[in-house]
Structure formats: structure tokens, C-alpha cells
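First comes the structure, then the notes that go with it.
The values are calculated or read from the model by the stated rules, or taken from the named source; none is laboratory data. Fair warning: this is a prediction, and the values are worked out from it, not measured in the lab. Cβ sites come from the backbone with ideal geometry, for glycine too, and all protein chains shown count toward neighbours. Keep in mind that these areas ignore ligands, DNA and RNA; they rest on the heavy atoms of the full protein, side chains included. Shrake-Rupley method; radii C 1.70, N 1.55, O 1.52, S 1.80 Å.
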Amino acid sequence: MGTENIHIIPTSEWLKPDAKPLIIAGPCSAESESQIMQIAESFANSGKVRLMRAGIWKPRTRPNTFEGMGAEALPWLRKAQEQFGVKWMVEVANEEHVRLALDAGIEIVWIGARTTVNPFSVQEIANALEGEDIPVFIKNPLNPDLELWIGAFERFSKAGLNKLVAVHRGFNTYQDHIFRNSPNWEIPIELKTKLPQLEIVVDPSHIAGKRNLLHQVSQKALDLAFDGLMIEVHPNPDEALSDPKQQIVLSNFDSFLNELEFRKTHFVDAVSIDKLERLRSLIDEIDYNLLENLKRRLDIVDEIGQYKADSGVTVFQLERWIQIIQDRMKYGQEQGMEESLIKEMWTLIHNASIKRQTEIVNRNLNERDIFDA
Ligand code: PEP
Ligand code: MN
């Protein structure tokens, strides 16, 4: 399906002065007036943050958790906006949110990942915004479905909203992952290929899920020449009412930005990045998946080790090893992989597994000795 119906007005035409890359920062959730004022003042002083974000209505996985301050927080944003000359953007997920945000003087909104998955909600918001001249940032849907993401751009564009920007926040995975959401860089790059005029901001906070990975993900986004970053920042993240692990401490944010290496020519878009670089980022992604799967395998090996220790079964079982190696080699050969590669890899993995299980069994024996004594 084509994308010719999507008309995009670039940020340089509506965000003055133009700032590249576009830095958006703010708390996951607005929690109190003093928190909002403190953040706004700090950003106004540093001059490095172009737009501020704050969640007012929070889509939480489970009920009876903090679901945002709601409309009560809107006057705080307005006050900070007036006092410090900064612009706040908020997430809207339905028609009522749109109405309340517009009434409160919010000039930019974003669509959350849990909303982009649902065309009914996207359409409802597009209808509610029709006739407004307001920029809309659209996060990718939770699931890695590029068509669904593009569909959201189409719906807003059709409603006459053309100041559109994409936010890449990673994709849900079923398995545990180093990252909270898998970056799948190839998907936003493909979006850029299909809609070259569309700017894409990366949200490292929701990709990483942990503070210590934020630098790595942000640098990757800059190296791949995405157009900006949307980062969660909080004066005291450990006390935050949502996403405490991934928010950067406000007082560290300046040095966080200073430690990032910004490309000299920011405005090379992701499409023109060297093919080699793109393929390398795919290799990185696959290697992370390999590592994570290896970790899962080792965890299960440990569990079996414990089971063997508890039931007094030997660690090494020849018939199981023969079955593993024969099966993996056959499968690998069917995929056109060299026999020697599979044999070497699984010998290493199996030896490491036996070593771990032997350690578990020995530890158990020692514990029993201590107990008996
Ligand atoms: C958020 O930005 O705080 C948020 C809820 O993000 P997402 O929609 O990407 O999960
Ligand atoms: Mn968040």
C-alpha cells in the first residue's frame, strides 16, 4: 500500500527556532506542581530541551496502580509554560483527553503505543483534532507492525493534521530481553524509506527500560541519524510513580546529553545511512537475541541441575548429549550451515552446561554436609 496520501509538514516549518536533533524530555508522569515547575525551570536554564513531555493519563498494565494525575495536572503545565516559556506535550488516548488538553492550552500532543495499536482510538482522536492546527507525535504500535503505524499517519493526515512526527519506542517481546522493548531498528528505518519527509524521534527510555542502557540506545539513535530523542527525566526517579527504573535524574541530564556524541551533520536522514551500517545494526540486534537466548538456556540448565541434585541423578547423561548433538547438526545442515560450526558451538554450550550443573550438585552436597554436621 502506498503512502502518497500522507502529507507531512517538517518541524522546521512550525518549531522555531529550528533545533536538530530535537530533544524532548520530561517526566514519565506529571506528579505534582512543584515537580513540573522544577523540571521546567531546569530545562529553561539549560536551554538544551526543545519540548517537554509529561504523561497525565497513564495507560498502565494493571488497574489499581497510579494512572496519572489526570486533568488536575493540566494547570501546572500551563503555569510552567507561561512562567518559563517552554512547551509541554501530553499523551492523549481519547476524545475527552483531546478536549481537556486543548482547553488547557496544550499545543502539542502524542499518541501512545497502546493507542496506535487500535485504529478505532486513532480515528477517534483524529476526528477530535480535525480542524485544529496542532502537531501530533505518533508512537509506534506495541507490536512490530509497520502498516499499523503508517495507518495512524494516514488517519491524521486525512483529518487535515500534517504536522506529524514519529516516535520510535521499541516493540513488545514475549521473551525477556535485555531491553524493555526491542528496538528492531530496521522497522523505523523502513518507515523512513517509505516516508522520507517524516522525522523520527527515538524514545530510548521505553526501549531501554533501565537507566544504565540509556546512553547506549541514545547514541545508537544518533549514529543512525534519527531526528531526535524523547527521554524521561525526573527530579527523583526512585520515588517516581511510574517507570522509576528508566528515568534519568534531572540533575544528571545535562551531563547525560554532553556525553552523547552528536554527528557533525545531523540532518543526514536514516535512509542515506550507509547500507553497511544498517546491516551491522541488524547483526547487533541478532547477537543480542542470541545472547539473551543463551542466558535463558543457561537458566533452564541451572533449574535442571537443581532437580538432578535434589533427586540424586548424574549430571552427565550420554544419551541426552548424543540426541542433542545429532538433532542440532541435522537441523543446522537442513538450513545450509556447516556441520563443524554446529558441532563446535554445541560442544561449547554443552560443556558449559555440564560445568554449571556440576557446580550446583557440589554446592548441594556441601550444604548437606554442613546440615548433617
Ligand atoms: C510514555 O511515554 O510514558 C508511555 C506510556 O509510552 P508508550 O506509549 O511508548 O508505552
Ligand atoms: Mn513512561
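Worth pointing out:
- Those residues of region 186-203 which are open to solvent by 10 Å² or more (accessible area, probe 1.4 Å) and either within 16 Å of ligand 1 (Cβ to nearest atom) or without any contact (Cβ under 8 Å) to a residue 40 or more places away in the chain (or both), in sequence order: I187
- Search result, residues across region 1-31 that are more than 20 Å from V202 (Cβ to Cβ) and hydrophobic (A, V, I, L, M, F, W, C): M1, I6, I9, W14, A30
- Options I106, I111; residue that is closer than 27 Å to E33 by Cα and either more than 16 Å from ligand 2 (Cβ to nearest atom) or not assigned by TED's automatic domain parsing to the domain that holds L15 (or both): I106
- Cβ separations smaller than 9 Å between residues 6+ apart or across chains give the following pairs from region 76-91 residues that are over 24 Å from R169 (Cβ atoms) to residues that are open to solvent by 30 Å² or more (accessible area, probe 1.4 Å) and among the polar types (S, T, N, Q): W76/S32; W76/S34; F84/N45.
- Within region 11-29, the set of residues being within 16 Å of ligand 2 (Cβ to nearest atom) and aliphatic (A, V, I, L, M) comprises I24, A25.
- Answer residue from region 227-247, given it is more than 12 Å from ligand 2 (Cβ to nearest atom) and open to solvent by less than 60 Å² (accessible area, probe 1.4 Å) and is farthest from V167 (Cα to Cα) among those: P235
- Flag if P196 is away from ligand 2 (no atom under 16 Å from the Cβ) and in a loop (DSSP other than H, G, I, E, B): yes
- Extreme residue, surrounded by the most Cβ atoms within 10 Å (Cβ to Cβ), among residues of region 79-97 that are more than 16 Å from ligand 1 (Cβ to nearest atom) and of a type outside the set (D, E): A80
- Any hit, region 234-241, residues being in a loop (DSSP other than H, G, I, E, B), away from ligand 1 (no atom under 16 Å from the Cβ) and not polar (S, T, N, Q): yes
- Breaking point among (1) within 16 Å of ligand 1 (Cβ to nearest atom); (2) of a type in the set (D, E, K, R); (3) under 30 Å from P237 (Cα atoms), for D145: (3)
- Only one of the listed residues (I106, I39) is open to solvent by less than 30 Å² (accessible area, probe 1.4 Å), modelled with pLDDT of 95 or more and not in a loop (DSSP other than H, G, I, E, B). That residue is I39.
- Inclusion of I207 among residues that are hydrophobic (A, V, I, L, M, F, W, C), within 16 Å of ligand 1 (Cβ to nearest atom) and open to solvent by 10 Å² or more (accessible area, probe 1.4 Å) is not warranted.
- The residues on offer are L129, L142, and the sole one that is without any contact (Cβ under 8 Å) to a residue 40 or more places away in the chain, under 24 Å from W185 (Cβ atoms) and either out of contact with any Cys (no Cβ under 8 Å at 6 or more places or on another chain) or among the aliphatic types (A, V, I, L, M) (or both) is L142.
- Looking only at residues of region 50-62 that are surrounded by 22 or more Cβ atoms within 10 Å (Cβ to Cβ) and touching a residue at least 60 places away in the same chain (Cβ under 8 Å), we find that the one that is farthest from ligand 2 (Cβ to nearest atom) is R53.
- Selected residue (criterion: farthest from the chain's Cα centre (by Cα)) from residues of region 199-218 that are over 30 Å from E132 (Cα atoms) and not in a helix (DSSP H, G or I): K210
- Scope region 331-353; condition of a type outside the set (S, T, N, Q), surrounded by 12 or more Cβ atoms within 10 Å (Cβ to Cβ) and in a helix (DSSP H, G or I); matching residues: G332, I342, K343, M345, W346, I349, H350, A352
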